[in-house]
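Peer 1: What follows is a single structure, and I will ask about it in a moment.
The values are calculated or read from the model by the stated rules, or taken from the named source; none is laboratory data. Predicted model, so just to flag it, every value in this text is computed and none were measured. Note: ideal-geometry Cβ built from the backbone for every residue, glycine included; neighbour counts use all protein chains shown. Protein only, heavy atoms only, side chains kept; ligands, DNA and RNA dropped before computing areas. Shrake-Rupley method; radii C 1.70, N 1.55, O 1.52, S 1.80 Å.
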Amino acid sequence: GAAKDLNGNIGFSLPKEFRIERCAARANPTVTITPNSQSGDAGTSLTYSINVRNNDGSSCNPSTFLLTATAPAGWSYSFENANLQIGAQSSATTSITIVSNLNSAGGNYEFYVTATNNRNANYNGVSSAAYRIRGCSGSVRLSISPTFASPSSNVVPSASGLSDCNGKIAYFRTSSCS
């Protein structure tokens, strides 16, 4: 409110929450995800580190950055801390845990993390990383023994082989072929 000093001058004082910030150089933050790629079976949780750098000019007050993620449909994620308060020209680190859908096919999938400055949502940064789901290679080694049997030999052929699927070796054997 207005007040007069002893000399009759009128002055105003503002509560702390109304003070004006002198930030001449607000900037988009830098988001880095490490590692940039990991592998796991479908339904596995993988954890990635997220580093956010506040690139605001040194005259700016600290900002809180809200973290959000975009992942493939049916996947889930959680942040260790989704709100990071970071001083100008400084960084903070948190983590994200991503869980792929149990029914996801083998292959490479990308997810994205965005950091948005709560002081001004026009300032944001985004980064992506890969989640590779191991899948079947489709390769099978098959051997049939004996390779030739005459109908009168009374020999029952058998088959055996190895298959590589999801990083696991499966052995199969059958006592007869039809």
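Peer 1: Order 51-61, 79-89 from most to least packed using the mean count of other Cβ atoms within 10 Å.
Peer 2: By packing density, highest mean first, the sequence is 51-61, 79-89.
Peer 1: Okay, moving on. Largest first, how would VAL99, VAL31 line up by accessible area (1.4 Å probe)?
Peer 2: Ranked list, largest accessible area first: VAL99, VAL31.
Peer 1: Taking 0.36 nm per intervening residue step and subtracting the Cα-Cα distance, what contour gain separates SER37 from ARG132 on full extension?
Peer 2: 33.5 nm
Peer 1: Taking θ as phi - 60°, what are the ³J(HN,Hα) couplings along the range 24-38 by the Karplus curve (6.51, -1.76, 1.60), each to the nearest whole Hz, with x for Gly and Pro?
Peer 2: 8, 9, 7, 8, 5, x, 9, 10, 10, 10, 9, x, 7, 7, 9
Peer 1: Roughly how far apart, in whole Å, are the Cα centres of the range 30-53 and the range 98-138?
Peer 2: Between the Cα centre of the range 30-53 and that of the range 98-138, the gap is 8 Å.
Peer 1: Here is a further query. Say R0 is 22 Å: what FRET efficiency, to the nearest 0.05, do THR47 and SER76 get from their beta-carbon distance? Don't skip to the end; give the middle numbers.
Peer 2: Numbers: r = 13 Å, r/R0 = 0.59.
It comes to 0.95.
Peer 1: Moving on. Rounded to the nearest 0.05, what FRET efficiency do ALA27 and LEU102 have when you use their Cβ-Cβ distance and R0 = 25 Å?
Peer 2: 0.05
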